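A short write-up of the structure that comes next.
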Amino acid sequence: AAVGFVIAAAARRSPQQRRRRFGARPAASLGTGGALSIEDNRKFLTARTVTFVLMIVGYATYYCTRLSFSFVGPAMRQSLGLSMLQLGAVSSIFPLAYMNSKFIAGVLSDLLGSPSMIFSLGMMLTGLCNIGLSFGSSVPWFTFFWVANGLFQGCGGSPCGKLLVNWFPTVTRGKWWSGWNASSNIGGFLIPLIAGRVAATFGWRWGMRVPGLMAIAIGALCLPLMRDSPEKMGLPTAEAHHALLARGGEPEPEEDAEGGEEAKPKAPAEESGEKQSTMQVLFGNKFLWCMAAMHFFVYLMRQGVMNWAHFYLMDQFGVPSLEATARVSGFEFGGLIGCVTSGQLSDFLIKRNPKAGAAGMRARVMFLYALISPLAILGLWKLPPIASLQWAAMAVFGFSLYGPQTLITMTGVETVPPSFAASTSGILAYPAQLGSMFAGLPFALVVKRYGWSGYFPSLVILSLLSALSVLPGWNAQSHSQKAEAKALAASST
């Protein structure tokens, strides 16, 4: 109810009122004669670098608190005598809480205009939830704090999407977005070393507390140091900053024929966004439906392989548990490479084809990566059970899934007005989390009835469906391209 009141109250304000409410200042003049001054450029780059570094460190910390329960679970089971059913009951509601929190955090980031505040405070609250869980010994206690943790976990991803849109221009955003997205791999790599080792040495309670204390400390660091946008600092927008540097600091035409108002393509974009509600913008965007479909299939396959690959190697080939884990580790390594390369490749295509739809260029990269998935699946299924070959097959599969996963939210965000960026990021989390939830029982039924000869063909079909789902967006334009086209058409009439 409280969240609904805040959203409703903020929604009644116009974007200009919200910017004034949270201290936004008009963008700085671009220097003498329209050129970017050295001092403004230094401030811009410093603030952007600090914000980006803290986004990576902060989101990796979110991942540590999000996965901590999984890695202290064995120690909890041994210490408290909990059954697997009880541990599963504690964690089963987490995805639902997380799914809703991403959307709520996204809407609040857009409406309140301070994604860095939501990012920082949410991190500290997840830390407090971790610590609170460590003081109990009953399943209801654990469930309460773990669900509360899920409700604050969404404060990580959606605000970061807003910050990336605010600080990085479209033509280079893929590189930076994929670099930030790799922080999830960093967090996934660190949490076994932190929570697992601490739990084994000092007990499960400290295995939960240490990540919690880290989150509180890093959140407290992020709050004063991160910046929401260059405009709030009185600096040019990310797009204007990039355009000036690309022309060696030469000014853009900023005034209309009468020498009055700035004639930037961004203006019509903001106006059109203000005339529509959040739901109209998001649900009326056909490209977002394509991204939602692919997000569902990617997460369904990702969770499906993470849940069942260990069992396949152990049951089919008699591989010991520790060795099966080592072979499956290739999935995260390949995923890290896929994250980085997909953003770089899509940026390259956009630069090479400036007249083509930018969203369509990224969709083509997703399509290409999705076509690699069936090859990886067939390799894991049909190749000889040699450790290096199975590790390589898992790495290629991770590469083919994490590449599109990185681009889906970013590309969706680029097709809506900037004032709806975080809301878009949040709503695209729903099909992803639904995919994760569907990866449990349906795959279990397939394996039980058809065995592994039914499991792998199912993955192949899903990978082909994910590729087909992006074809309608093959030539889609970004929102900024549509705004520029409208501004050009208006100026010519």
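The values are calculated or read from the model by the stated rules, or taken from the named source; none is laboratory data. This one's a predicted model, so the numbers in the text were calculated from it and none came from an experiment. Cβ atoms come from the backbone with ideal geometry, glycine included; neighbour counts cover every protein chain shown. Accessible surface is based on the protein model in full, side chains and every heavy atom, while ligands, DNA and RNA are left aside. Shrake-Rupley method; radii C 1.70, N 1.55, O 1.52, S 1.80 Å.
At-a-glance table
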quantity: The range 93-107, subset open to solvent by 30 Å² or more (accessible area, probe 1.4 Å) and in contact (Cβ under 8 Å) with a residue 60 or more places away in the chain, residue farthest from the chain's Cα centre (by Cα); calculated: 96
quantity: Residue 111 vs. criteria outside any helix (DSSP H, G or I) and touching a residue at least 12 places away in the same chain (Cβ under 8 Å); calculated: no
quantity: Residues that are open to solvent by 30 Å² or more (accessible area, probe 1.4 Å) and among the hydroxyl-bearing types (Ser, Thr, Tyr), drawn from the range 156-206; calculated: 201
quantity: Residues (open to solvent by less than 60 Å² (accessible area, probe 1.4 Å) and of a type in the set (S, T, N, Q)) located in the range 353-402; calculated: 373, 390, 400
quantity: Enumeration of residues in the range 406-451 that are open to solvent by 30 Å² or more (accessible area, probe 1.4 Å), touching a residue at least 12 places away in the same chain (Cβ under 8 Å) and among the aromatic types (Phe, Trp, Tyr); calculated: 430, 438
quantity: Among residues of the range 272-306, those that are at pLDDT 75 or above and not in a helix (DSSP H, G or I), counted; calculated: 2
quantity: Cβ pairs under 8 Å, 6+ apart, first in the range 333-350 and among the aromatic types (Phe, Trp, Tyr), second at pLDDT 90 or above and part of a helix (DSSP H, G or I); calculated: 333/395; 333/398
quantity: Checklist (1) at pLDDT 90 or above; (2) under 26 Å from residue 303 (Cβ atoms) applied to residue 439, failing item; calculated: (1)
quantity: One residue from 51, 61 being closer than 13 Å to residue 160 by Cβ, open to solvent by less than 20 Å² (accessible area, probe 1.4 Å), at pLDDT 95 or above and of a type in the set (S, T, N, Q); calculated: 51
quantity: Selected residue [without any contact (Cβ under 8 Å) to a residue 24 or more places away in the chain and not basic (Lys, Arg)] from 467, 485, 490; calculated: 485
quantity: Single residue of the range 113-147 satisfying the filter (surrounded by fewer than 19 Cβ atoms within 10 Å (Cβ to Cβ) and within 22 Å of the chain's Cα centre (by Cα)) that is nearest to residue 70 (Cα to Cα); calculated: 147
quantity: Among the candidates 426, 398, residue that is under 16 Å from residue 298 (Cα atoms), in contact with a Gly (Cβ under 6 Å, 6 or more places away or on another chain) and either part of a helix (DSSP H, G or I) or β-branched (Val, Ile, Thr) (or both); calculated: 398
quantity: Cβ pairs under 7 Å, 6+ apart, first in the range 65-82 and open to solvent by 50 Å² or more (accessible area, probe 1.4 Å), second of a type in the set (Phe, Trp, Tyr); calculated: 79/204
